[in-house]
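The values are calculated or read from the model by the stated rules, or taken from the named source; none is laboratory data. These numbers come from a predicted model, not from an experiment. Ideal geometry is used to build each Cβ from the backbone, glycine not excepted, and the neighbour counts take in all protein chains shown. We work out accessible area using only protein heavy atoms, side chains counted, and drop any ligands, DNA or RNA first. Shrake-Rupley method; radii C 1.70, N 1.55, O 1.52, S 1.80 Å.
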Number of protein chains: 2
Amino acid sequence: MGSVSSPYKRHFFVCQTQRPEGSEKPSCGQRGAAQIYSRLLEALDRHPELGQEVAVSACGCLGLCFDGPIVVVYPEGTWYARIEEADVPEIVEQHLVHGKPVERLRFKWQTAS
Amino acid sequence: MGSVSSPYKRHFFVCQTQRPEGSEKPSCGQRGAAQIYSRLLEALDRHPELGQEVAVSACGCLGLCFDGPIVVVYPEGTWYARIEEADVPEIVEQHLVHGKPVERLRFKWQTAS
């Protein structure tokens, strides 16, 4: 038996923030985040062989509220924005199962440098 | 202006799961997770210079429910277990501010190999 710092090759965090109707900012919850989270969990159920290396967790606000629904995947730090339920099969097949981020759905963080 | 995949050097996720009294499993929420989350957010407020490189998010169940409260920090994949509010200043000073995990609080994942 050995010890590792983290067992997961990929850990998906899916924002589930729900703001009331009429709020100043939109929220991922108003834009289908619960369905996206469910689809990812179902995919994990269909792939029990990944249970030791992939995790899917709900999370609170990740910022980028105007670009939700937001999903971030660590350790590699892939940020997905404006995901629709129809995008989920591609994320599952390419990224969750095979470890390859879906480039067209990535949020492009801008840096000053 | 450049584009980066993820802007954060350290992203803390603090489990906030709250199970009803009498549940089969304990939950981080029953063990002070809300206070730990608040203390980490307050620390971030006191260090505005870290605002672009450190994030703190609430999250749902991370597993390890019997060893909570649980905090995981990515991208390096540091898992903290059985954290008490009194441990937070050390986590803040060493890890959140200076990027150095607090070894004595790490959860030791066991592997078969």
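Just for strands (runs of 3 or more DSSP E) wholly inside region B:17-113: which have at least 2 residues that are of a type in the set (A, V, I, L, M) and within 11 Å of the chain's Cα centre (by Cα)? By residue number, B:54-59, B:71-74. Those residues that are among the small types (Gly, Ala, Ser) and either open to solvent by less than 40 Å² (accessible area, probe 1.4 Å) or within 11 Å of chain A (Cβ to nearest Cβ) (or both), I need them from region B:38-79; list them, please. Listed by number, the residues that qualify are B:ALA43, B:GLY51, B:ALA55, B:SER57, B:ALA58, B:GLY60, B:GLY63, B:GLY68, B:GLY77.
B:SER6 passes every criterion in (1) in a loop (DSSP other than H, G, I, E, B); (2) within 20 Å of B:LEU105 (Cβ to Cβ); (3) open to solvent by 10 Å² or more (accessible area, probe 1.4 Å) apart from (2). Has region A:21-33 got at least one residue that is in contact with a helix residue (DSSP H, G or I) (Cβ under 9 Å, 6 or more places away or on another chain), more than 13 Å from every other protein chain (Cβ to nearest Cβ) and open to solvent by less than 10 Å² (accessible area, probe 1.4 Å)? There is at least one residue in region A:21-33 that is in contact with a helix residue (DSSP H, G or I) (Cβ under 9 Å, 6 or more places away or on another chain), more than 13 Å from every other protein chain (Cβ to nearest Cβ) and open to solvent by less than 10 Å² (accessible area, probe 1.4 Å). Where the second residue is in a helix (DSSP H, G or I) and open to solvent by 70 Å² or more (accessible area, probe 1.4 Å) and the first is under 16 Å from B:PRO69 (Cβ atoms) and lies in region B:26-52, which pairs have Cβ atoms under 6 Å and are six or more apart or on separate chains? Close Cβ pairs (under 6 Å, with a partner that is in a helix (DSSP H, G or I) and open to solvent by 70 Å² or more (accessible area, probe 1.4 Å)) amount to B:GLY32/B:GLU85; B:GLN35/B:GLU85.
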